[in-house]
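Trainee: Okay, handing you the structure first.
Read-outs: derived from the displayed coordinates by stated rules, not from any lab. On a predicted model such as this, the values are computed, not experimentally measured, just so you know. Neighbour counts run over all protein chains shown; Cβ positions are idealised from the backbone, glycine included.
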Amino acid sequence: MDLMKSIAIAASGLRAQSGRMQIISENIANADSTPSQAGGDPYRRQIATFQSEMDNALGARVVKLGAVKTDPSDFQVKNEPGNPAADADGNVKYPNVNPLIEMTDLRDAQRSYSANLNVINATRAMIQRTLDILKS
Amino acid sequence: MTIPSVAAGAYANVARLADPSAGLGKAAGAAGETAGGPSFGAMLKDALNSVSESGQKSDAQTKAMIAGKADMVDVVTAVSETEVAVETMVAVRNKVIEAYQSIMSMPI
């Protein structure tokens with residue numbers, strides 16, 4: 001039935017967005033992770049990608065979380081000679097995570113999740129209304 | 001995906017009940033078959049079987065979630081699918097009983 005299909009498709013969106021949430025929370029949690037050895041590279045920001053995939057059992061295109069890519073942009077460098085992770089010049093590399101961008105992404109994921117939930121709710125309402133004909 | 005199977009199965013069985021001379025009675029199986037054709041009980045049994053199948057699926061998903069193996073989204077979709085299937089089954093059952101009662105109260 002098509003209505004049950006759209007619930008399953010929306011559920012794939014929910015799954016993809018929760019995977020994205022995981023990656024965003026990793027970024028936010030690691031925003032201050034310094035390198036493990038002096039002069040090394042710190043945590044690199046991760047980016048979630050989505051891809052459309054044909055679900056043969058469902059007969060519809062669903063969304064799947066694709067490969068998690070890393071952000072190639074430069075690390076933030078702060079001069080902290082007292083930091084154990086500082087290199088010979090006293091510079092410490094901090095992750096290339098911008099909390100503002102992560103917050104925007106997080107809000108985006110949240111809205112997208114709600115949109116998919118709304119699809120499920122609307123579909124359920126349609127099924128219920130159809131069933132009401134049978135009940136009355 | 002269980003709704004069409006429940007509803008379509010029920011409608012097909014109702015059609016058989018209404019027209020036992022069409023020879024469909026044999027196809028319905030021996031689950032409570034009467035002289036004229038498949039009984040209402042057999043029809044209900046068929047519908048119940050397919051509903052309980054989807055119920056078992058959602059039970060399995062819930063158990064897997066408690067064990068920390070399944071996604072909450074899978075549980076929610078499986079349970080809502082079962083809910084719809086059960087409601088459809090109950091609605092069809094009520095409708096058929098209503099029809100039966102109106103036949104029984106017919107003055108002869």
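Trainee: Summing -39500 (n - 2.57) over the DSSP H runs of n ≥ 4 in chain A and dividing by its residue number, what mean residue ellipticity at 222 nm do you reach, to the nearest 500 deg cm²/dmol?
Mentor: That comes out to -17500 deg cm²/dmol.
Trainee: What is the helix-to-structure angle for A:99-135, meaning the angle in degrees between its Cα long axis and the longest Cα principal axis of chain A, kept from 0 to 90 and rounded to the nearest 10?
Mentor: 10 degrees
Trainee: Here's a follow-up. Once you place label points 7 Å from the Cα toward the Cβ at A:K69 and B:T62, how far apart are they in nm?
Mentor: Label at A:K69, label at B:T62, 4.3 nm between them.
Trainee: Other chains' Cβ within 10 Å of A:3-13 residues: what's the mean?
Mentor: 3
Trainee: Right, another one. With a cut-off of 16 Å, note down the residues of the range A:56-72 whose backbone N falls inside the zone around a label point 7 Å from the Cα of B:D71 toward its beta carbon.
Mentor: What the label zone holds, given the 16 Å backbone N cut-off, is A:56-68.
Trainee: Show me A:55-61, A:107-113 ranked by packing, highest mean number of other Cβ atoms within 10 Å first.
Mentor: Put in order of decreasing packing, that is A:107-113, A:55-61.
Trainee: Bins of 10 Å, beginning at zero and ending with the bin holding the largest distance: percent of Cα pairs per bin for the range A:2-135, please.
Mentor: 12, 29, 23, 16, 11, 6, 2, 1
Trainee: Also, quick follow-up: Rounded to the nearest 10 degrees, what's the angle between the helix A:2-29 long axis and the longest principal axis of chain A, both from Cα atoms, 0 to 90?
Mentor: Once rounded, the angle reads 10 degrees.
Trainee: Multiply the residue gap between A:D41 and A:K78 by 0.36 nm, knock off their C-alpha separation, and tell me the result in nm, one decimal place.
Mentor: 12.0 nm
Trainee: What FRET efficiency comes out for B:N94 versus A:R111 if R0 is 45 angstrom and r is the Cβ-Cβ distance? Round to the nearest 0.05.
Mentor: Efficiency at R0 = 45 Å is approximately 0.65.
Trainee: For chain A, what relative contact order do you get, as a whole percent, if you take Cα pairs closer than 8 Å and at least 6 residues apart?
Mentor: 31 percent
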